1. Scanning for something in contact (Cβ under 8 Å) with a residue 40 or more places away in the chain, β-branched (Val, Ile, Thr) and over 26 Å from Glu345 (Cβ atoms), does the stretch 457-478 turn up at least one residue?
2. Of the numbered conditions (1) part of a loop (DSSP other than H, G, I, E, B); (2) modelled with pLDDT of 95 or more, Glu131 satisfies every one except a single condition; which is it?
3. Looking at (1) touching a Phe, Trp or Tyr at 6+ places or on another chain (Cβ under 7 Å); (2) modelled with pLDDT of 95 or more; (3) not in a helix (DSSP H, G or I), which is the only condition Gln467 fails?
4. Within 15 Å of the ligand (Cβ to nearest atom), without any contact (Cβ under 8 Å) to a residue 40 or more places away in the chain and either part of a helix (DSSP H, G or I) or in contact with a His (Cβ under 8 Å, 6 or more places away or on another chain) (or both), is that true of His214?
5. If we scan the stretch 398-408, do we find a residue that is hydrophobic (A, V, I, L, M, F, W, C), crowded, with 17+ Cβ neighbours inside 10 Å and free of Cβ contacts under 8 Å to residues at least 60 places away in the same chain?
6. Of the residues Val62, Val113, Val51, only one is part of a helix (DSSP H, G or I) and either out of contact with any Lys or Arg (no Cβ under 9 Å at 6 or more places or on another chain) or away from the ligand (no atom under 16 Å from the Cβ) (or both); which?
7. Within the stretch 435-474, track down each residue that is over 18 Å from Gln336 (Cβ atoms) and small (Gly, Ala, Ser).
8. Please state which one of Gly272, Gly235 is within 12 Å of the ligand (Cβ to nearest atom) and either surrounded by fewer than 22 Cβ atoms within 10 Å (Cβ to Cβ) or farther than 26 Å from Ala138 by Cα (or both).
Amino acid sequence: MALRLYNSLTRQDEEFKPVTDGRVHIYVCGPTVYADAHVGHGKTYVNFDVVVRYFRYKGYQVRHVENITDVGHLLDSGEDRILKGAARERVEPMELVERFTRRFFEDMDRLNVTRPDISPRASGHIPEQIELIKKLIARGYAYEVDGNVYFDVPKYEQYGKLSGRRIEETEAGTRVEVEGDKRHPADFALWKKATAEHIMKWNSPWGWGYPGWHVECSAMSTKYLGQPFDIHCGGMENKFPHHEDEIAQSEAAEGVPFCTYWLHNGMLFIRGEEMHKSLGNFVTLRQAYELYDPMTIRLFILTAHYRSRLDMTDEALDGAEKGRQRIWGAVRSIRQRLSQAPEGEASAEVVELVAKARAAFEEAMDNDFNTPGALGTLYDLTRDANTLLASGKALTTGDLAALDQAYRQLGGDVLGIIPDALEDEGRADLSAKLADLLVETRSKLRGAKQWAMADYVRDQLTELGIQVQDSPDGSSWRYLER
Ligand SMILES: [Zn+2]
């Protein structure tokens, strides 16, 4: 089936066609590592992780590049985020960068976000950024004034094609760059002159300075993915000016398209409000993990389509927690039964059930990565699997393995909400061994004609949700459905 996605650049649903058959080259704008990641970052990176995972599920060879911004990303006040953070923590800028890069990956690991194939750092790619700026000057798209280099926005006629803004409207977005030496208010900085006390600076053809934020993504994406590459992902809030400027720089420098598709994800809101430090509703992932299992947060994120806004409320998270328990409960039962089931092929009924679930799942995901729809098919599968498990039908290893594999691929590989080993499977294994021991003990009591004691063991097991069944071959047990 063909995968369709919504391309923010053309504002249309389009069939996915890769630059190179069988391959997908994806760039995601990464974090600026000056503080801990918040739940909004969690949404962004889970949204695009599922995109990467689904392409892999479909058999594409994916290269996923996601940068680490460790220089040049300025606050509205004009201060560099990294330098401000370093001053706050009283550490070297690179010490701060290292600390928050590690913490970022730890936070993402807990959300089960697959690590990018390449995580290039802006500070490690200064020569590439200088080369790009030199090329833009040579082609007449950039100019230098007293150690600062600007992109000449009016020269690039297609400026605004992503955000839909006209040049006259773009001035508000560039208010951070108040330098009086720009030729046009919409021009943005490619290279900034550093003052003597500025710590993170490099030598360049224009003297000591540092790159503007946008130029790193242009330089590092095409270095590792080529130009054009397939998909550029990022947050809706970065469409302008960041992504618009990336397109302008890369297309002006090379004269070919930057990338084929743009995916933008919607923001996370907290109880109906945009998250902001000044509103006192700022939640880091680490704070959220103290209240909810990271996998519940991941499932919660997937309950909304990636392009939609998602509202974080206690009710929504409680609902996600119940959903996770329901799915994990079925997976646990299937895996437990698998270790005790008789050998055999999967029955036609189970084969059909799994095929139906897989088809519905793929249909949802092929439709612009519709994760709420895909989750719905997992709940349907869970309902059908529970009915089957409770039906008393003799399920073989083939039946149970087919169900287990469907969960591993759809819920595990693609959605990432089912770990390979569920945390308490070891305990579950112990409970099965204890049930075996008690059933065997009961048989011995019956052999010794201690009927009352044997019945007591059987009744207590029933109380615990374990049904003992006697047959001429001996006694066995199964979990009762609750
Ligand atoms: Zn970027």
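The values are calculated or read from the model by the stated rules, or taken from the named source; none is laboratory data. These numbers come from a predicted model, not from an experiment. Cβ sites come from the backbone with ideal geometry, for glycine too, and all protein chains shown count toward neighbours.
1. Scanning the stretch 457-478 turns up no residue that is in contact (Cβ under 8 Å) with a residue 40 or more places away in the chain, β-branched (Val, Ile, Thr) and over 26 Å from Glu345 (Cβ atoms).
2. Of (1) part of a loop (DSSP other than H, G, I, E, B); (2) modelled with pLDDT of 95 or more, only one is false for Glu131: (1).
3. Here Gln467 clears every test but (2).
4. yes
5. yes
6. None of the others qualify; the one that does is Val51.
7. Within the stretch 435-474, Ser443, Gly447, Ala448, Ala452, Ala454, Ser471, Gly474 qualify.
8. Values: Gly272 fails: within 12 Å of the ligand (Cβ to nearest atom).
When all the criteria are applied, what remains is Gly235.
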